1. Restricting the search to segment 26-39, which residues are over 13 Å from G108 (Cβ atoms) and in contact (Cβ under 8 Å) with a residue 40 or more places away in the chain?
2. Name the pairs whose Cβ atoms lie under 6 Å apart, with the first residue in segment 1-25 and more than 26 Å from T74 (Cβ to Cβ), the second modelled with pLDDT of 95 or more and open to solvent by less than 40 Å² (accessible area, probe 1.4 Å), and 6 or more positions between them or separate chains?
3. Just one of T74, T84, T51 is in contact with a Ser or Thr (Cβ under 9 Å, 6 or more places away or on another chain) and open to solvent by 70 Å² or more (accessible area, probe 1.4 Å); which is it?
4. Can you pull out every residue in segment 1-10 that is in a strand (DSSP E or B), of a type outside the set (G, A, S) and open to solvent by 20 Å² or more (accessible area, probe 1.4 Å)?
5. Say we look at segment 89-115 and pick out the residues that are in a strand (DSSP E or B) and among the hydroxyl-bearing types (S, T, Y); which of these is surrounded by the fewest Cβ atoms within 10 Å (Cβ to Cβ)?
6. Considering (1) free of Cβ contacts under 8 Å to residues at least 60 places away in the same chain; (2) more than 14 Å from V113 (Cα to Cα), say which one T90 fails and leave the rest.
7. What do you reckon, is G100 at negative phi, touching a residue at least 24 places away in the same chain (Cβ under 8 Å) and out of contact with any Ser or Thr (no Cβ under 9 Å at 6 or more places or on another chain)?
Amino acid sequence: VQLVESGGGLVEAGGSLRLSCAASGSTLGIDAMGWYRQAPGKQPELVATITRGAGVTYYSDSVKGRFTISRDNTKNTIFLQMTTLKPEDTAVYYCNARRGPFNSWGQGTQVTVSS
């Protein structure tokens, strides 16, 4: 599975951004997709996930109520709508696709939130 992210950028605190992740290749067996992020000097953090079938979502406490993950199964694409952004949301955001025991990753997209 190949993943391509887009939508990152620089935004002021309180602003919004929308990330997209398009999957291609062996997409039929994907169980779930999601977003992780890694800030400089910090461990990677799971941000949000969504299952392919029922569309069950999960959010980390740090983004709950501010971020929304959604999907378009017809286009093998997921989205992350980020609102009320904070400087601590600054990180490289990576798209992930889980297919059985296998994980695929995108190249990452930078999100920078200025105070």
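1. S26, T27, G29, I30, D31, A32, M33, G34
2. V11/L17; V11/L85; V11/V113; A13/V113; G15/L85
3. T84
4. Residues satisfying the conditions are Q2, V4, L10.
5. Looking at residues that are in a strand (DSSP E or B) and among the hydroxyl-bearing types (S, T, Y), I get S114.
6. Evaluating T90 over (1) free of Cβ contacts under 8 Å to residues at least 60 places away in the same chain; (2) more than 14 Å from V113 (Cα to Cα) leaves (2) as the failure.
7. Against the criterion (at negative phi, touching a residue at least 24 places away in the same chain (Cβ under 8 Å) and out of contact with any Ser or Thr (no Cβ under 9 Å at 6 or more places or on another chain)), G100 does not qualify.
The values are calculated or read from the model by the stated rules, or taken from the named source; none is laboratory data. Everything quoted here is computed from the prediction, not taken from an experiment. Heads up, the Cβs are rebuilt from the backbone with ideal geometry, glycines too, and the neighbour counts pull from every protein chain shown. The area values use the complete protein model at the heavy-atom level, side chains included, leaving out ligands, DNA and RNA. Shrake-Rupley method; radii C 1.70, N 1.55, O 1.52, S 1.80 Å.
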